[in-house]
Amino acid sequence: LLLRPTPNSGMIVRGIRYANETEFLKLPSRSGYNPGCTLPINNGLERPGRCLIIDFETTGLFVGSALLRIKSTKPAFTNAPKSFEEGIAPSDYFEGKKRTFQAIIRGKFLSPNIPMSECVTGQVFDHPAGKLPARWIVSGAVKIISHLAPQLQANFRGQSPRFLSPLVSTAQCVIAESQSPGEEKKFDNGSDFDKHEHENNNLYSIYPGSDSTIESSMKEPHCNDPRSIFQGLHNTHVTSIPSYSSSNEKVSEKKKRKARKNAFDEISALKMKTPTFDTSTEYTFEFFQHMISFDEFALDFGKVLGGPRSLAHVLNGQPLKYMAAHQSSSSTKNPGKSSGNDLKPLWSFDIWHESLYPIAITNTHNK
């Protein structure tokens, strides 16, 4: 597997560091992290505080930190331990979990008044898909995804295939922590990365990066918790706000997640201009999934739809994406005819597998 920033996405990598450190890892040269650079993927066997974090910024839209874990991937560094050091209790993030992928984004929005209903996440491709499975399999897969994401925008057969769903309702966990002026965390990254070469070096004072809690277990806040995304719904006409009201009432993670999903699917369906993301709030988005086996690079919707399906030819040699974007409101009226130009990335990472490479090379030579 190979992770890199999506070319031409406008996302700039500030640096890479350990979760419990503030300094970026030293680069072989002072050339910085270019758009084609390789980024680290954690495998869940890291010692506490030693997950590798990617600090990034997308000009004018978002600044934050990213952590990715993919089950059974090779350590990011060839000399990194494959398990915990002797004397430290072994641990595996994926042990006992069905999921094969986890990603966390934590950071701040830079542009005020971005409607939550206009932010999406999913997959967007620049070229047509390859050979798709039988139509009944594709239709069945879309039905399954649509059941999980009712506001799904899906177009698999166009020149620019995509499937997108609302950011806030799709994430498995969302946390919003308001910060007063002067409360922001500050540190000197002390790295080889030259801040002064950045046109937006003032963003370091706005958001210097996540602390080590980014690698900890995430729990959805109760709707009355100040950290809940529901705090932004007080002045709206959303009808699917949770019925439970007491902060002392014990509510399962599944029920809290479903309540958020229902409320923000409604907000997206109605294309509501409020609530908006607040520039003084630190947002955390957690995503995980179990349908993709990254060892085989295959998608599995179960035996009913024929079991695992290799992704390399379906994707036509294009990488999977871990992305989110602000989508212009006009484009959502006819998503089937939209191109990537209607999306302004908040963050965008490409996940490459070795099986994609020969197809991508062939496609390049055939242009």
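The values are calculated or read from the model by the stated rules, or taken from the named source; none is laboratory data. Since the structure is predicted, the reported quantities are computational estimates derived from the model, not experimental observations. We place every Cβ from the backbone using ideal geometry, glycine too, and count neighbours over all the protein chains shown. Just the protein is used for accessible areas: all its heavy atoms, side chains included, with ligands, DNA and RNA removed. Shrake-Rupley method; radii C 1.70, N 1.55, O 1.52, S 1.80 Å.
Of note:
- FRET efficiency for the K250 to E177 pair, using the beta carbon distance and R₀ = 25 Å, is estimated at 0.65.
- Only protein heavy atoms count here; under a 1.4 Å probe, K321 has an accessible surface of about 30 Å².
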